[in-house]
Amino acid sequence: MFLTKSKYTQGVCCEKKLWLSSYQPEVAQEANHDAVFETGNKIGELARGLFGEYVLISKEKGYQNMVEETKKEMNRTPSVICEASFQYENNFCSVDILKNNPDGVEIYEVKSSTSLESIYIDDISYQAWVLQKSGFTVQKACLVYVNNQYVKEGDLDIHKFFVIEDVTHSINFEEVEKRVNDLQKVIQQEKEPSNDLSLSCKKPYDCPFFEYCTRSLPKPNVFDIGWSTRFSKKIDMYHRGHISYEDVIEKEVVNDKATEQIRFVLEEKPPKINPEEIKELMDSLYYPIYFLDFESYQDAIPRIDGTKPYQQICFQYSLHYILEENGEILHKEFLSDDYDGNPMYGLCKQLCEDIPMDSCVTAYNKAFECTRLKEMSRMFPEFAEHLLNISEHIIDLEVPFAKQDYYVREMAGRSSIKVVLPALYPNDPTLDYHNLEQVHKGDEASNAYLSLPNLSKEEEETLRYNLLKYCELDTYAMVKIWEKLKEVS
Ligand code: SF4
């Protein structure tokens, strides 16, 4: 079995992770990484143009062919080779971009993130080691990542879009060699390594084997504690043997909200409601009341002038509203069809028509809506005053749940709307996101919107309808939560 750069970095994090991904990949928790891969691929392809003309080694015919093709190309200097591939004993690596100079090579590893992680140094160190062992002088090893301060104006400037950081000085060839030898043994052994849980289970990425590795712990356990209890704290408790809720409550100091979460489970407590605090929030609302929710997508490579990499681009909103006490629940909505332009312009224009100045607006986790409104106010000065006015008047319906003024066991230490809604209205099919067609959550909404221009007219209409239904449920859910808060206060 070959060690590759991704297997090497897995092994650096945790030997068990490397072994499981090699021998028991089926026990990994399924996660939809399609969007992440797609972004990575797009950014990788974009970076290929950084040093002018290049030759691309095709992945289609497998490792051996890639190595042979690279050998031929390496005879030509100077040149730039993308996916240049090398093998040293049972070690294989493809270099994203290789500059083949007459007296050595420069290697560039492209990342789609906007900052450096130490695991990237391990990644490029492994590649540099394979190349050195293959007889090349590695003159330079660099990480290429996305500059999140870049603002697109006109044609995309890849030299400004990317940051190139020289990390040659961080490479320790002896250390890599020792690790490679250790990890080679791991991927050849039949027995599963016995690594215990550690910070590596969550950093730098959530390990897909976490469920598997915690399968024999009591349920619920220390890792089920919510309320922002840091993972490092949970790992610390775990290593001290304080794993079950009984252990934690007896022997640990956890914050008040976590303590309450545990007590609710152990003592089977009924719902907790602080009517006074909730009343205070309810009293701050005034008619007409608007319930607002945006949908957005993140563009890793900005398409719209004035936007940055990974900026949230709002393309849709739903707005329920009630004009007076006991009034009818009314609804307005917006879904852009300006697929080639800036969907935020039409959205802001209609939003300013739909919500009068100085209105009482509610959102659930208002930080998101307020940040988007401020960003859009900078982008469109003609709507700035109105957008900022909306932002200033937003009241957050999540507060009573985040502060545990309203808590039921089923919330399990969390206050997101997707947890709170079924906890307040169990078994209500009209509030069940599973009953929607095509779009059930935020990332599906983003992907759906981005796919619209490529669909037939009929498919587009159906998907637009389902996008509208999804967003409508988000704000209808807010209305129902508001009703429940009103009732209990
Ligand atoms: S969950 Fe943790 S211990 Fe298990 S394989 Fe992943 S990193 Fe290793």
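The values are calculated or read from the model by the stated rules, or taken from the named source; none is laboratory data. Small disclaimer: the values here were computed from a predicted structure and weren't measured. FYI the Cβ positions are ideal-geometry reconstructions off the backbone, even for glycines, and counts take in every protein chain you see. Each accessible area value is taken on the protein alone, full model and side chains, heavy atoms only, with ligands, DNA and RNA left out. Shrake-Rupley method; radii C 1.70, N 1.55, O 1.52, S 1.80 Å.
What part of the accessible area of region 5-188, given as a whole %, is carbon or sulfur when the probe is 1.4 angstrom? Spell out each step's value before the answer.
Values: 4200 of 9290 Å².
Its accessible area is 45 percent carbon and sulfur atoms.
Among 267-277, 7-17, how do they line up by average Cβ neighbours within 10 Å per residue, starting with the highest? Could you put the intermediate results ahead of the total?
Numbers: 267-277: 12.7, 7-17: 22.9.
Packing proxy ranking, top to bottom: 7-17, 267-277.
Ordered by packing density, taken as the mean number of other Cβ atoms within 10 Å over each peptide's residues, highest first, how do 346-358, 49-61 rank? Please report the intermediate quantities before stating the final value.
Numbers: 346-358: 17.2, 49-61: 13.3.
Top to bottom by mean Cβ count within 10 Å: 346-358, 49-61.
Given the pairs 233/484; 59/441; 202/279; 202/257; 257/418; 72/191, which span a C-alpha to C-alpha distance of over 28 angstrom in this model? Working shown, then result.
Details: 233/484 35 Å; 59/441 34 Å; 202/279 39 Å; 202/257 23 Å; 257/418 20 Å; 72/191 40 Å.
Pairs exceeding the cut-off: 233/484; 59/441; 202/279; 72/191.
In whole angstrom, note down how far apart the Cα centers of region 91-115 and region 166-180 are.
Result: 15 Å between the Cα centres.
May I ask you to give the solvent-accessible area per residue for the chain, in square angstrom, as obtained with a 1.4 angstrom probe? Kindly include the intermediate steps, with their values, before the conclusion.
Details: 24330 Å² over 489 residues.
Per residue, the chain has an accessible area of 50 Å².
At a Förster radius of 51 Å, what calculated FRET efficiency corresponds to the Cβ-Cβ distance of residue 260 and residue 23, to the nearest 0.05? The partial results should precede the final answer.
On the way: r = 42 Å, r/R0 = 0.82.
With a Förster radius of 51 Å, E is 0.75.
Between residue 277 and residue 41, what is the FRET efficiency for a Förster distance of 35 Å, r being their Cβ-Cβ separation, to the nearest 0.05? Walk me through the numbers on the way to the answer.
Working: r = 49 Å, r/R0 = 1.39.
My answer for the efficiency is 0.10.
Put a dot 7 Å past each Cα toward the Cβ at residue 287 and residue 77; how far apart are the dots in nm?
For the pair residue 77/residue 287, the computed spacing is 8.1 nm.
Taking 8 Å as the Cα distance limit and 6 or more residues as the minimum spacing, I'd like the relative contact order of region 363-451 as a percentage.
Numbers: 64 pairs, mean separation 17.3, N = 89.
Averaging sequence separation for qualifying contacts and normalising by length gives 19 percent for region 363-451.
Sequence gap at least 6, Cα distance under 8 Å: using those rules, report the relative contact order of region 270-489 to the nearest whole percent.
Working: 337 pairs, mean separation 56.4, N = 220.
After rounding, I find 26 percent.
With r defined as the distance between the Cβ atoms of residue 101 and residue 228 and R0 fixed at 56 Å, what FRET efficiency is calculated, to the nearest 0.05?
Numbers: r = 50 Å, r/R0 = 0.89.
In this case the efficiency is close to 0.65.
Based on alpha-carbon centroids, what's the gap between region 368-439 and region 242-308 in Å, whole number please?
11 Å
Would you mind putting 111-117, 250-256, 477-483 in packing order, based on average other-beta-carbon counts within 10 Å, highest first? If you can, show how the numbers build up before the last one.
Values: 111-117: 16.9, 250-256: 12.6, 477-483: 20.9.
Those peptides, ordered most packed to least, come out 477-483, 111-117, 250-256.
Between residue 147 and residue 53, what length in nm is gained on full extension when 0.36 nm per residue of separation is reduced by their alpha carbon distance? List each step's numbers first, then the result.
Values: separation 94, 0.36 × 94 = 33.84 nm, distance 2.27 nm.
So the chain would gain 31.6 nm between residue 147 and residue 53.
I'd like the carbon and sulfur percentage of the solvent accessible area for region 327-484, probe radius 1.4 Å, heavy atoms only, ligands and nucleic acids excluded. List each step's numbers first, then the result.
On the way: 3570 of 7350 Å².
Carbon with sulfur: 49 percent of the solvent-accessible area.
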